[in-house]
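The values are calculated or read from the model by the stated rules, or taken from the named source; none is laboratory data. If you're wondering where the values come from, they're calculated on a predicted model, not measured in any experiment. Cβ atoms come from the backbone with ideal geometry, glycine included; neighbour counts cover every protein chain shown. Side chains are part of the model used for accessible areas, which takes the heavy atoms of the whole protein and leaves out ligands, DNA and RNA. Shrake-Rupley method; radii C 1.70, N 1.55, O 1.52, S 1.80 Å.
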Amino acid sequence: MKTLSAFAATAILLAPDSQSFTTPSTPSRTTITVPKRVSTFVDNSGPTTSSSIRSSRSATPQDEDLELTRQIIMSHVKKMGLDDEGVEVDEDLLPSHNKNPEDYPMNDLMIRAALGRDDVERTPVWLFRQAGRHLPEYHAYKEKVGRSFLDMLSYPEDVAECTMQPVRRYDMDAAILFSDILVIAEAFGVEVTMPGGVGILVPCPLVGPADMKERLPSKASLNKEFVQDKLGHVMQSVKLIRSQMKEEDISIPLIGFSAAPWTLLFYMVGGSSKKNQHIGMEWLRSHPTESKELLDMLTTVVIEYMAEQVESGAHMLQLFEAMGMMIEEPEFGEFAMPCLEKIASELKGRYPDVPLMVFSRGASFANEALSKLEYDVVTIDGSVDRSTARDVVGGRAGLQGNYDPRELIAENGKTAETVKETAKELLEALGPQRLIANLGEGLGGKESPELVNVFVEAIHEESEKMISEAERS
């Protein structure tokens, strides 16, 4: 790793008396805080010139010389792989598609745990549906703007606010884009509603191959431009979230996500978790050729959609096969798995350093096969036996999951002590390394924010203790 050497010494000499340099202890970093005044004079849009400094009419020639010198120092500092806070980022950690250290999060526990390239100091944690319904501030904001959940997704400012709420409240190691798994179905022209109390509804599902061919866009039109046209508001939201994170000094990874093709097909043909649970399988068996055609179309868009999220600023990606419980194992292998394989291959080919996580909810039989693809992390749901979970994925992938969200509901008799104990059990069973602590399914809305906070803190504290003890032994 590089050091600041002479440039740091020069910057210290040039720092005004009221500004100081400190060296916080940040694992795997060499940290020097550069005076804010220095960084405000750096013009990232072009070369450093004396004319760029003389824009201040009150500046004296001596001030101008001093600021010019500072700009020269900062230009060297940036070339050395430092972000705008003066914190050095190891170039080996920067993803191949983006070598700008300012875009790399200071807290990179999630990225390092997912990629498994080195050990972490503590186990990272985030939660499925960490934004939204369990937070009082979410309900207050929703009432303030007067928009439904689905309506808010079209407003980047709403998406950014809801994404930020849980990472303001909790010491999460990642934020996740506030969105829905069916935005791609909507992009295909299939209406989605959430009337409340009955789950997701598709009022006019696809009723057969002829209907599919008549209503859906042509395969030739499904490309990057299609995603930008139909889902451009999502990319605006991602960019706004990154800007908001920087403004609020919350430097953690942002996770982008998508539903997997089978899950999208299941809903588009009229399936739901409440009723018509059989209809997806009926489609596969009655229309196998057309089903594969639709799945291939969806796979193309999922790839481009997730890629665009990375290009817009997402640091990690999560793929949700949320309706894995609605497909039988043979059909999963024939119809769903080829899509998952193509998505992993294509995305890791484009972005080898962007962690890719997969969750085949309700279809844990697929976890071993998924671990043999190019996914960095396999998520385990609540049905998975923790004692065998590592053996199933071997050393091929990390694990994510599988804490029971019911442990976070005070009405269930749960307390801070029970949460601490069950969090410890999770870590003891799965081990603190190559693990992302999460849930076996998303937060449902009844969870206590206080107990959620206890869980996050318990994972951090207990894993730090376990890792420290292991290092000493």
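Shape of the range 173-250 from its Cα gyration tensor (a ≥ b ≥ c, root eigenvalues): rounded if a/c is under 1.5, otherwise prolate when a/b > b/c, or oblate? Here the range 173-250 falls in the oblate category. Annotation for the range 324-350 versus the range 376-395: alpha-carbon center distance of 18 Å.
Per atom type, the range 351-439 shows carbon and sulfur on 46% of its accessible surface, probed at 1.4 Å. Basic side chains Lys and Arg get +1 at the Cβ, acidic Asp and Glu get -1 at the Cβ, and with that the dipole of the range 205-282 about its Cα centre reaches some 140 debye. Of all lysines in the structure, those lying under 22 Å Cα to Cα from Lys274, and not within fewer than 8 positions of it along the same chain, are Lys446. Cross-link partners of Lys424 among aspartates and glutamates, defined as those whose alpha carbon lies under 17 angstrom from its own and excluding same-chain residues fewer than eight positions apart: Glu121, Asp385, Asp404, Glu407, Glu457, Glu461, Glu462, Glu464, Glu469. Assign one of three labels to the range 403-445, namely rounded, prolate or oblate, based on the Cα gyration tensor with a ≥ b ≥ c the square roots of its eigenvalues; rounded applies when a/c is under 1.5, prolate when it is not and a/b is larger than b/c, and oblate otherwise. Here the range 403-445 falls in the oblate category.
Only lysines eight or more places from Lys372 in sequence, or on another chain, were considered; those with a Cα closer than 16 Å are Lys342, Lys348. Accessible area per residue for the range 178-262, computed on protein heavy atoms with a 1.4 Å probe, is 44 Å².
Near Val269, the amide H atoms lying under 5 Å from its own belong to Leu206; only residues 5 or more places off or on other chains count, and H is placed 1.01 Å from N.
Can you classify the range 396-471 as rounded, prolate or oblate using the Cα gyration tensor, where a ≥ b ≥ c are the square roots of its eigenvalues, rounded means a/c under 1.5, and otherwise it's prolate if a/b beats b/c and oblate if not? Cα axes put the range 396-471 in the oblate bin.
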